[in-house]
Amino acid sequence: MVNYATIKKFLTAANLTSLARAFMVFPLVYLLNRWEGGVADFPLWAVFWIILAMFSDYLDGWFARSYHEVSRFGKFLDPMADKIVVFGVLFFAKPIARAIPGWFVAFIIIRELLIFGLGYYVSKDSKRDMQANRTGKWSIFLTSITFILMIFELHPWADYILYLTVVVGSFSLFFYLKRYYHLYQVDVKKPS
């Protein structure tokens, strides 16, 4: 028997917005892969999807707060949708893959593995939720701007934003690790 109350709990405006953002990776990658280079030839629909994905990242949080839809699942889904878009574009959109330095790709992968892996380890034994922090949101935003500036080869601004993204991403990682350590000490580590 279908439990409609459970389904309704998951199908909130905030969660549907996060899910929609995750699926935006498909038209975005498709349009970027059809692009043959040159600012004048950049597909306007790709600009639309980039702006929509960035706006939806704000919108899902607004829905959650405004309609009191903050949930454990939503706190997991929101950053997961961000990761799907970033990694989808990074690995499957050829213009991005060619433009982004390998060391930056490694930085993003290691940072995300640490955040997700340690967050999962701590939160599975904790009553508290994994959720994005403010610097994490800024890191995703700056990563998107970095991608755009890099594919258009808008140097030196692309380089400045790239390094700023690394700095903000490193601070974000530090804050995540600090929170995870606290949760580990309070909720996970067994008293001796």
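The values are calculated or read from the model by the stated rules, or taken from the named source; none is laboratory data. Treat the numbers as computed from the prediction; the structure is a model and nothing was measured. All Cβ positions, even for glycine, are placed from backbone atoms using ideal geometry, and neighbour counts span all protein chains on display. The accessibility values were calculated without ligands, DNA or RNA, using every heavy atom of the protein model including side chains. Shrake-Rupley method; radii C 1.70, N 1.55, O 1.52, S 1.80 Å.
Worth a mention:
- On the stretch given as segment 46-61, residues that are in contact (Cβ under 8 Å) with a residue 12 or more places away in the chain and open to solvent by 100 Å² or more (accessible area, probe 1.4 Å) total 0.
- Some residue of segment 30-45 being in contact with a helix residue (DSSP H, G or I) (Cβ under 8 Å, 6 or more places away or on another chain) and open to solvent by 80 Å² or more (accessible area, probe 1.4 Å): yes
- Subset tally (residues that are exposed (fewer than 13 other Cβ atoms within 10 Å of the Cβ) and part of a helix (DSSP H, G or I)) for segment 63-82: 2
- Residues of segment 93-119 satisfying the condition of being surrounded by 12 or more Cβ atoms within 10 Å (Cβ to Cβ), under 16 Å from the mean Cα position of the chain (by Cα) and under 22 Å from Asp78 (Cα atoms): Val105, Phe107, Ile108, Ile109, Arg111, Glu112, Leu114, Ile115, Phe116, Gly119
- Within segment 123-160, the set of residues being buried (at least 20 other Cβ atoms within 10 Å of the Cβ) and either touching a strand residue (DSSP E or B) at 6+ places or on another chain (Cβ under 7 Å) or at pLDDT below 80 (or both) comprises Ser123, Met130, Ala132.
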